[in-house]
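Down below is the structure, laid out as structure tokens.
What follows draws every value from the coordinates through simple rules; no lab data is involved. Keep in mind that this is a model prediction, so the values were computed, not measured. As a convention, Cβ positions derive from the backbone with ideal geometry for all residues, glycine included, and neighbour counts pool all protein chains shown.
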Amino acid sequence: MSPAIRLERSGPADTVARVTLARPELHNAFDASVIAELRTTFASLAREEPATLRAVILAGDGPSFCAGADIAWMRAAMALDVEGNEQDAMAMADMFETIDTLPVPLIVRVQGAALGGGMGLCAVGDLVVAESGARFGFTETRLGILPAVIGPFVIAKIGETHARALFPGGRRFDAVRAQRIGLVHEIVEGDDALDAAVDAAVADVLAAGPTAARAAKAIVREVRGLGHGSSKWHTARVIARQRVSAEAREGFAAFDEKRKPAWAPDPDSGAD
């Protein structure tokens, strides 16, 4: 694991992974090596089975979550030709796609700044929790470039109307506006509350059936763009398969017997 990326395991049977951007002196900005390491890390996590991986947390060390791309790296890219820049940009796009398609729920913990590519990381998260003082912005145009690679992921999250309002000017905005446009789901006061909110989100995921949680995340992507008839049949097939699963049988048996299902964490062991 690169010194710029830290991977830790916790929770019951180490089924919770925490991926931390660990370049606090650079506000966890991306460069080519960080992009490659993030893609490799999330590709590896995506191959894990439901029994071994149930939730992932994405966080950043230090005062900022992620200030986007490293200025020195972007400056070096200016010396590349168009083809070299396309390859550079495609590497970043592949990284975001790998994170976006992670099969398990991804909880993003945001403090300080989330700018440029850091906004992209928020967009590919399933649940984003932000400290109230966090600041956000699609600041690329202030440098004469644009939020292109993160665009598809951000627009899918906040919609065209907010993207059109925020992309061109590059103005920074607060957590309240980030929540209003759908980029952030929960705002809390202070780092302790931020950690508690992340722990609560993880606990919610661990209370769900491991395959059910994955299927529930997947169906959002699967029905995207489908017509009514296609989505009707697809969702019917998905729920039919899940209803006859061993996990569903255990869930209903636990409900009838007024006990926790086998996948629920032991309250004495803790979830962290």
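Structure notes:
- Convex hull volume per residue for the chain, taking Cα atoms only, in Å³: 144 Å³
- In order along the range 83-95, the phi-based Karplus estimate (6.51 cos²θ - 1.76 cosθ + 1.60, θ = phi - 60°) of 3J(HN,Hα) comes to 4, x, 5, 5, 5, 4, 5, 5, 4, 5, 4, 4, 4 Hz; Gly and Pro are listed as x.
- The chain: Lys pairs at Cα distance under 24 angstrom, eight or more positions apart or on different chains: 4
- Here r is the Cβ-Cβ distance between Ile239 and Leu146 and R0 is 35 Å; the resulting FRET efficiency, rounded to 0.05, is 0.30.
- Taking the chain and dividing mean pair separation by its residue count, relative contact order in percent (alpha carbons under 8 Å, at least six apart): 17 percent
- For Leu115, residues with placed amide H under 5 Å, excluding near neighbours: Cys66, Ala67, Gly68
- Backbone HN-Hα couplings from phi across the range 61-74 [Karplus 6.51/-1.76/1.60, Hz, Gly and Pro as x]: 6, x, x, 10, 5, 6, 8, x, 7, 4, 4, 5, 5, 5
- Part-to-part distance (alpha-carbon centres) for the range 207-272 and the range 144-204, which is given in Å: 27 Å
- Dipole magnitude of the range 15-149, debye to nearest 20 (Cβ charges: Lys/Arg +1, Asp/Glu -1, about Cα centre): 480 debye
- Between the residues Gly209, Ile99, Val223, the greatest Cα displacement towards the positive end of the dipole of the chain, with unit charges on the Cβ of Lys, Arg, Asp and Glu, is found for Val223.
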